[in-house]
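The values are calculated or read from the model by the stated rules, or taken from the named source; none is laboratory data. Just so it is clear, the model here is predicted, and its values are computed rather than measured. No Cβ is skipped: glycine too gets one built from the backbone with ideal geometry, and neighbour counts run over all protein chains shown.
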Amino acid sequence: MFNICSFLPKKTCQLINHWIFDLNVDIKLSKPRKTKFGDFKVINNKFYITINNNLNKYSFLITLTHELAHAFVYRKHQNNVKPHGNEWKKTFKLMMLNFLTPNHLPNDILSCLSKHLINPTYSSFSDIELAKVLRNYNNKKTLILDEIEEKSIFKTLDNRNKSYIKGKKRRKYYECIEEKSCAKYLFHPLTEVTFAEKQ
């Protein structure tokens, strides 16, 4: 297995390795996936976790702990509870509390993560404020939809052939209009854009 410590904040490595050993889980790196940062699977009673290989060390820590919490819950309850139900939330929260100190995490992440853990969601990406703070620690900085002005024209990394006009925020997502068809689309605030200009 790869050296997992090289992907984690240094002082978190010992406890993470203890959990991995306890669960006898196989950890593998994955190419970046658009819909998830990590996942947990059980194949022939063996635990497997995959983590995207492009995450910064703090995102990697949170994602890996998230998936390890799934493994602990499965070992105790199998498939008799909801994937992100109360059992998982309680387990994930207790595990993450080990790292909620300035010795492990920067203050800006500590602040957002503390709020996130009051009622953890299925993904740190779904918590916009936490995701934005974590994004600040990426090596590669890109422009996101949340950072451009309303009525700006933008293209996404996923589809450079279409241009959209940024509209107003509807709860968590922005309502945008595709220029040619005038069709309306909802975009996540963290959508990476490759081009933007004032309309």
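Does residue 118 qualify as being farther than 20 Å from residue 190 by Cβ and touching an Asp or Glu at 6+ places or on another chain (Cβ under 6 Å)? No.
Restricting attention to the range 171-191, which residues are loosely packed, with under 14 Cβ neighbours inside 10 Å and touching a helix residue (DSSP H, G or I) at 6+ places or on another chain (Cβ under 9 Å)? Matches in the range 171-191: 172 only.
Yes/no per residue for (1) under 12 Å from the mean Cα position of the chain (by Cα); (2) under 21 Å from residue 171 (Cα atoms); (3) in the same structural domain as residue 17 (by TED's automatic domain parsing):
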position: 63; (1), (2), (3): yes, no, yes
position: 69; (1), (2), (3): no, no, yes
position: 77; (1), (2), (3): no, no, yes
position: 82; (1), (2), (3): no, no, yes
position: 101; (1), (2), (3): no, no, yes
position: 114; (1), (2), (3): no, no, yes
position: 121; (1), (2), (3): yes, yes, yes
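Among the residues making up the range 136-156, a single one is acidic (Asp, Glu) and surrounded by 14 or more Cβ atoms within 10 Å (Cβ to Cβ): 146.
Filtering the range 157-170 to residues that are surrounded by 12 or more Cβ atoms within 10 Å (Cβ to Cβ) and out of contact with any strand residue (DSSP E or B) (no Cβ under 6 Å at 6 or more places or on another chain) leaves only 169. Exactly one residue among 118, 153, 165 is β-branched (Val, Ile, Thr), closer than 27 Å to residue 52 by Cβ and modelled with pLDDT of 90 or more, and that residue is 118. Checked against (1) outside the structural domain of residue 17 (by TED's automatic domain parsing); (2) in contact with a helix residue (DSSP H, G or I) (Cβ under 9 Å, 6 or more places away or on another chain), residue 130 passes all but a single condition, namely (1).
Note on the range 113-135: among residues that are in a loop (DSSP other than H, G, I, E, B) and of a type in the set (S, T, N, Q), the one that is farthest from residue 40 (Cα to Cα) is 119.
Checking each residue in the range 123-181 for being closer than 25 Å to residue 66 by Cβ and of a type in the set (A, V, I, L, M, F, W, C) picks out 125, 128, 130, 131, 133, 134, 144, 145, 157.
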